[in-house]
Amino acid sequence: MTATISLIRHASHAHLGKILSGRMPGIGLSPAGQSEAELLADHLRLHEFVAIHSSPVQRARETAAAIAAGRSLEVEIAEPLNEIDFGDWTGRAFEALSDDPDWHHWNEQRAVATPPRGESMAAAQARVFAYLQRLAHDHPGENVAVVTHCDIIRAALAQVLGLSLDAFHRFDVDPASVSRIAMGDWGARVLSINEVCR
């Protein structure tokens, strides 16, 4: 049996494109992000989910709550869906990171690089993919929504597509977008990448 899993990136927040928020607490959706989340929820109204799982980070939880509104489902918070732990880079401006050689190494060699005192993308890929496999096992023939983060979704898609993590930039995962995978005991395949509703 096959489960369909919708990988949903959270909507926009005030730090987007400016500060590496990572797992910082208290970073909720911006007004624009709240509108994106509502549009996303409307886009997903025709999809019957049996469960909605979310990263514990606030911006993901708020996006998941918008999707859950009007459904008889409670959002399940899942640590394996958490953002990558960016260690010492958490909370730093991207402009300030631009001169850091470790930052360039991270963005050029994601398959092997690790943020200082943080988590490698390979480790993040392993934890999220194992969690998606458990979801697929628990929900054969059903649809599940998973609200998480850009690089977490890229890592999952790269594994299904058989791509190195160094190729993470070959496709976009925009805020409030949906990428879909089918997964079962037979393996997994990508159904769509970066569906956006604007």
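Label positions at A32 and Q109, each projected 7 Å from the Cα along the C-beta direction, are separated by 3.5 nm.
With only Lys, Arg, Asp and Glu charged, each at its Cβ (+1 for the first two, -1 for the last two), find how big the charge dipole of the chain is about the Cα centre; round to the nearest 20 debye.
Values: 17 positive and 25 negative charges, 45 e Å.
The calculation lands at about 220 debye.
If R0 equals 25 Å, the separation of the Cβ atoms of E79 and D99 corresponds to a calculated FRET efficiency of about 0.15. For segment 63-169, just say rounded, prolate or oblate: build the C-alpha gyration tensor, square-root its eigenvalues into a ≥ b ≥ c, call rounded for a/c under 1.5, and beyond that prolate if a/b exceeds b/c, oblate if not. It comes out prolate by the Cα gyration axes. Once backbone amide H atoms are built at 1.01 Å from N, D85 has E119 as its partners under 5 Å, excluding neighbours fewer than 5 places away on the same chain. Remark: segment 11-28, residue by residue, has Karplus-estimated 3J(HN,Hα) of 6, 5, 9, 5, 7, 3, x, 10, 10, 7, 5, x, 9, 4, x, x, 9, x Hz, where x stands for each Gly or Pro and the curve is 6.51 cos²θ - 1.76 cosθ + 1.60 at θ = phi - 60°. Amide hydrogen proximity for T2: with H placed 1.01 Å from N in the peptide plane, the residues at 5 or more positions away or on another chain lying under 5 Å are G141.
Per 0.36 nm of contour for each residue apart, how much would the distance between C197 and K18 grow if the chain were fully extended, relative to their Cα-Cα spacing? Before the final figure, lay out the partial values.
Working: separation 179, 0.36 × 179 = 64.44 nm, distance 2.32 nm.
Extra length available between C197 and K18 comes to 62.1 nm.
With one equal scatterer per alpha carbon and no solvent term, the Debye-computed log10 I(q)/I(0) for the chain at 0.08 1/Å reads -0.24.
Once you compute Rg and the Kirkwood Rh from C-alpha atoms, what is the Rg to Rh ratio for segment 1-93? Show your work: numbers first, answer last.
Values: Rg = 13.9 Å, Rh = 14.0 Å.
Using only Cα positions, Rg/Rh for segment 1-93 is 0.99.
Taking all protein chains into account, the per residue accessible area for segment 1-89 stands at 44 Å² (1.4 Å probe).
With all protein chains in place and a 1.4 Å probe, the accessible surface of segment 50-89 carries 47 percent carbon and sulfur.
Would you calculate a helix-derived [θ] at 222 nm for the chain, using -39,500 (n - 2.57) for each DSSP H run of n ≥ 4 and dividing by the full residue count, to the nearest 500?
Details: 6 runs with 66 residues, N = 198.
-10000 deg cm²/dmol, from helical runs alone.
Here R117 and L46 are evaluated by their C-beta separation; at R0 = 41 Å the FRET efficiency comes out at 0.40.
The values are calculated or read from the model by the stated rules, or taken from the named source; none is laboratory data. This is a predicted model, so every value here is computed, not measured. As a convention, Cβ positions derive from the backbone with ideal geometry for all residues, glycine included, and neighbour counts pool all protein chains shown. Calculation scope for accessible area: heavy atoms of the full protein, side chains included, ligands and nucleic acids excluded. Shrake-Rupley method; radii C 1.70, N 1.55, O 1.52, S 1.80 Å.
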